[in-house]
Amino acid sequence: MFKLKLPRNFNKMTLSEQETILVNNLQNLYILEKEIRNALAKIRGGNKFIAVEVSRPDEALLKS
């Protein structure tokens, strides 16, 4: 299950700051949904989906 990640003091932020954070979270969800849909399409199309595992989390940040 996806858990919404909100920064500390979220309730004390202005409405525009809160909106920015929530919009960013929504955009991340759309990206995740697109990746999952593409993986499902590949599998349903008869091709094997190969997940790339990153052994170091900082390496993933460097690649993106």
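Just so you know, all these numbers are worked out from the coordinates, no wet-lab data involved. What you see is a predicted model; the values in this text were computed from it and never measured. Ideal geometry is used to build each Cβ from the backbone, glycine not excepted, and the neighbour counts take in all protein chains shown.
Treat each spin label as a single point 7 Å out from the Cα along the C-beta direction, and report the residue 22 to residue 39 distance in nm.
2.8 nm
Can you return the lysines within cross-link range of residue 34? Criterion is Cα-Cα under 21 Å, with same-chain partners fewer than 8 residues away left out.
3, 5, 42, 48, 63
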